[in-house]
Structure formats: C-alpha cells, structure tokens
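**Q** Handing you this structure, nothing more for now.
The values are calculated or read from the model by the stated rules, or taken from the named source; none is laboratory data. Being a predicted model, the structure only gives us computed values, none of them experimental. Methodologically, a virtual Cβ is constructed for each residue, glycine included, from the backbone with ideal geometry; neighbour enumeration extends over all protein chains shown.
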Amino acid sequence: MQKIMRDRVIPVRFSEEELKRIDGLLGKTGSRSRSEFVREAVRYYLDNVAETKVVELRELSKDQAKKEILDYLLKRKEAETFDIANDLRLELNLTVQSLKELWEEGKIK
C-alpha cells in the first residue's frame, strides 16, 4: 500500500494592514488566493536565504589593505570595487579609500 503525503497546515496570523497589502498584490503576482501567495512568498524566501553568503570582514590597517588590494589587482586584468571588498573580506569604505590612495600614488590606473 502506498502512503500518501499530505501538506501540513500551519496557522499564521496577519494584521488587517498586512492582509490588505497581500490582497493588493494577488493580481500582480498571479496568486489565486492568500494561501497561494504566502506559500510562494515562503518558497521565494527559502530559496534566496539558502543562496545568501555571509562574509565575515577582517580588520586590517589601511597599509595592509592597500598591499593586499595591490596583490589582488596584479593577478587580474580588472576588478570591481565590490568584488575586491568581498573577495578580500574588507570593509567597503576601507577598500574605496585604499583604492583611491593607490590611484593617487600612481600604483593603479
């Protein structure tokens, strides 16, 4: 005999304002009901959170950051500031400041 798997029902509470907003989005999302809207929203959230990568930033002096950025750039033809910060796990402001100084020093174009 084959066992039939059923979806589980989980009661969820929403404020009147949240329900109004959900109702207003049903047509835009193509959802036929509030339940379908909530299921799709949860699936979307689960899929995107699963893909989220947490970057733990390192604390470096500006001189050390400049050295690492310069080494990083020497291995590549080009790089985006955001990618440099992520790949080296540097704070974005430190990356921008370091790149500016490296440019002013004529070490990068």
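**Q** Among the residues in segment 77-84, are any assigned to a helix (DSSP H, G or I), farther than 30 Å from residue 107 by Cβ, at pLDDT 95 or above and hydrophobic (A, V, I, L, M, F, W, C)?
**A** The initial filter retains those residues of segment 77-84 that are assigned to a helix (DSSP H, G or I), namely 81-84.
Among the residues that remain, those that are also farther than 30 Å from residue 107 by Cβ are: none.
Checked against the condition, which is being assigned to a helix (DSSP H, G or I), farther than 30 Å from residue 107 by Cβ, at pLDDT 95 or above and hydrophobic (A, V, I, L, M, F, W, C), segment 77-84 yields no hits at all.
**Q** Can you find, within segment 71-81, the residue that is nearest to residue 100 (Cα to Cα) among those that are within 23 Å of the chain's Cα centre (by Cα) and acidic (Asp, Glu)?
**A** In this case the residue turns out to be 80.
**Q** How many residues does segment 14-29 contain that are in a loop (DSSP other than H, G, I, E, B) and over 19 Å from residue 40 (Cβ atoms)? Can you show your working first?
**A** To start, the set of residues in segment 14-29 that are in a loop (DSSP other than H, G, I, E, B) comprises 14-15.
If we keep only those that are over 19 Å from residue 40 (Cβ atoms) too, we end up with 15.
Total satisfying the criteria: 1.
**Q** Follow-up. Pairs please, first residue from segment 35-48 and of a type in the set (D, E, K, R), second anywhere and in a helix (DSSP H, G or I), Cβ atoms under 9 Å, 6+ apart in sequence or on different chains.
**A** Every condition considered, the pairs that remain are 36/26; 36/29; 40/29.
**Q** How many residues does segment 40-70 hold that are more than 23 Å from the chain's Cα centre (by Cα), outside any helix (DSSP H, G or I) and farther than 13 Å from residue 101 by Cβ?
**A** Going residue by residue through segment 40-70, those that are more than 23 Å from the chain's Cα centre (by Cα) are 60-68, 70.
Within this subset, residues satisfying the condition of being outside any helix (DSSP H, G or I) are 60-61.
Those still in the list that are farther than 13 Å from residue 101 by Cβ too: 60.
So the answer is 1.
**Q** Can you give me the number of residues within segment 1-56 that are basic (Lys, Arg) and closer than 30 Å to residue 86 by Cβ?
**A** So the first thing to find is which residues in segment 1-56 are basic (Lys, Arg), and the list is 3, 6, 8, 13, 20-21, 28, 32, 34, 39, 43, 53.
Now restrict to residues that are closer than 30 Å to residue 86 by Cβ: 43, 53.
The number of residues fulfilling the criteria is 2.
**Q** Another question, if that's okay. Name the one entry in 16, 56, 51, 68 that is loosely packed, with under 10 Cβ neighbours inside 10 Å, within 30 Å of residue 108 (Cβ to Cβ) and not basic (Lys, Arg). Please lay out each step first, then the result.
**A** Values: 16 fails: within 30 Å of residue 108 (Cβ to Cβ); 51 fails: within 30 Å of residue 108 (Cβ to Cβ); 68 fails: loosely packed, with under 10 Cβ neighbours inside 10 Å.
That would be 56, the only listed residue that is loosely packed, with under 10 Cβ neighbours inside 10 Å, within 30 Å of residue 108 (Cβ to Cβ) and not basic (Lys, Arg).
**Q** Since residue 30 meets every condition but one in (1) modelled with pLDDT under 95; (2) small (Gly, Ala, Ser); (3) surrounded by 14 or more Cβ atoms within 10 Å (Cβ to Cβ), which condition does it not meet?
**A** Failed condition: (3).
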